[in-house]
Each structure stands twice: as C-alpha cells, then as structure tokens.
1. Which whole-angstrom value gives the distance between the alpha carbon centres of the range 92-149 and the range 172-198?
2. The list (1) 1.06; (2) 1.65; (3) 1.12 gives values of Cα Rg over 2.2 N^0.38 Å, and only one came from this structure; which label was calculated from it?
3. Over the chain, what percent of the accessible surface lies on carbon and sulfur atoms, probe 1.4 Å?
4. Starting from 0.36 nm per residue, how many nanometres of slack lie between Asn173 and Lys200 once their C-alpha separation is accounted for?
5. Quick check for me: using +1 on Lys/Arg Cβ and -1 on Asp/Glu Cβ, what's the dipole size of the range 30-138 about its Cα centre, in debye to the nearest 20?
6. Compute the FRET efficiency between Thr121 and Leu28 as 1/(1 + (r/R0)^6), taking r as their Cβ-Cβ distance and R0 = 30 Å, and round to the nearest 0.05.
7. Taking the Cα centre of the chain as the origin, how large is its charge dipole in debye, to the nearest 20, when only Lys and Arg (+1) and Asp and Glu (-1) carry charge on their Cβ atoms?
8. Please list, in order, the residues from the range 38-67 whose amide nitrogen is less than 17 Å from a point placed 7 Å along the Cα→Cβ vector of Cys100.
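The values are calculated or read from the model by the stated rules, or taken from the named source; none is laboratory data. Owing to the predicted nature of the structure, the values given are computational and were not obtained by experimental measurement. Counting neighbours? That spans all protein chains shown, and the Cβs are built from the backbone with ideal geometry, glycine included. All accessible areas refer to the heavy atoms of the entire protein, side chains included, with ligands and DNA or RNA removed. Shrake-Rupley method; radii C 1.70, N 1.55, O 1.52, S 1.80 Å.
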Amino acid sequence: MQTFEQRLQPIIREVTDSRAKSRDELDLLYRKIVSVILLRSGLGSPTEISVVREATAGLQSIFPQTELGTFRTLKKRDKEQQLRDFSKIVTGIRLFNKDCGKGGKGIEDLPGILKEAIPGTLQGIIEDRKAISEMADVYTAAYLKSQTANMAKTDGEPAVDIDMNLLISALYNAKQYEAFLALLQMDVERSRAQLEELMKSYDATMELLHHTVQGRSAIPTASVYVSKNACH
C-alpha cells in the first residue's frame, strides 16, 4: 500500500501544489483530482472517457468545481485528506451505481472473477501436492533400497548404480516444493475466507445504502460517507 501511494505522489503533488487561477488552469486541476480518484480506486482507467465522465459526475455531486477556490486555500495535509475522502466517496457512488445497474463503467466484477478462479486454483494446488508427494515417496523408496543394498554388500562396491547426491538433492527439492505448495494452499484458503467476509460486509453496506436513499432525491453527504466508508 505504501508503494502504491508513493506512485501516486507525483500527481497528488500536482494537485496540492497547484496555483491555478485561470479558468483553463482550474479545469485542468479539477481533471487531475478526478484522475487521482480513479488511480487510487483502481476501478477503471483514467483515460477512458465514459469512466472519467462518471467519476466527474460523482465528484461534482459532493465537490462542485466552484469550490476549487476554497480547496486551494487549504493546507497541504488538509488537501491530501480531502483527496482521500473524495476518493472514498466517489468510489462508493460508482460502486452503488453499478449495484443499481445504472453505472459502474470500467469496474470489473472482481469478486465474481475471484470466486470463479479460487476453486480451480485450489484444485490445481491439491493435485500438484499429490503428484509431488508421490514423487518424493519414489525418491525416498529408491534411497532406502539403495542404502539397504549397499549395506548388504561386502566388497565395498555400490550395489545400485545411482548418484546418491543427485537422488538426495531431488528428494530435498521435492519436499521443499511440497512444503511450499502446502503454504500456498493455506494462503488461498485464507483468501477465500477473507473474500467471503468482505462480500458479506459489502452486501450489507449496499443494502444499507439502498435503504438510506430509497425514495429520497437528496442524501446528506455525512450519511452516505459513513455507509460507503464501511466498504473500505
């Protein structure tokens, strides 16, 4: 997350350090704020017109361009905090619109993609673990057989023509790979559980938002912000 924020710093500085005064400069500043929102959310490309239009409409509903003058007078840290707040609210608006079937341009169904991908990924890991475990058993059996045969020999010559160093290395590698796959499987299973919890939280938040805005033409920003912030 820190690295991601660091990558955003150049454009964030362009916003917070702006001394825009003319109409064209203020228009450019507003577009950069929209770009920060889209880049921070990761939901849609800031170069796709339909995505930019939707994000701009969301921003205008909570922060009209006429308020840029006030924004410019804020301290840098307060501007940065406002940008974070704008990102959360506008992202929430876009997710809500997508849930209503009336927007959400450029937002992929990531939960659906993950729910479809995780079972196949787990099955692949389980199959690989089984295969490498069987391979390790073969290497172990070969090693033990070779050791037993060599111990029975009295002339000092190897009973089995096997490179023992290579066999031991192969056995170690198989065991290490098996251990790695076990850890990977636990990570994927943990991710699946976390996804389920996040989706429960997301669905509950969306249900609350639908209830909050039902039959109302205008909603206080504070009410919507608290609900949408629950998604983060």
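1. 8
2. After the calculation, the listed value that fits is (2).
3. On the way: 8090 of 14930 Å².
Taking all protein chains in place, the chain shows 54 percent carbon and sulfur surface.
4. Values: separation 27, 0.36 × 27 = 9.72 nm, distance 4.06 nm.
Separation in residues times 0.36 nm, less the Cα-Cα distance, equals 5.7 nm.
5. It works out to roughly 940 debye.
6. Numbers: r = 44 Å, r/R0 = 1.46.
Computed FRET efficiency for Thr121 and Leu28 comes out at 0.10.
7. Dipole size: approximately 1640 debye.
8. 53-63
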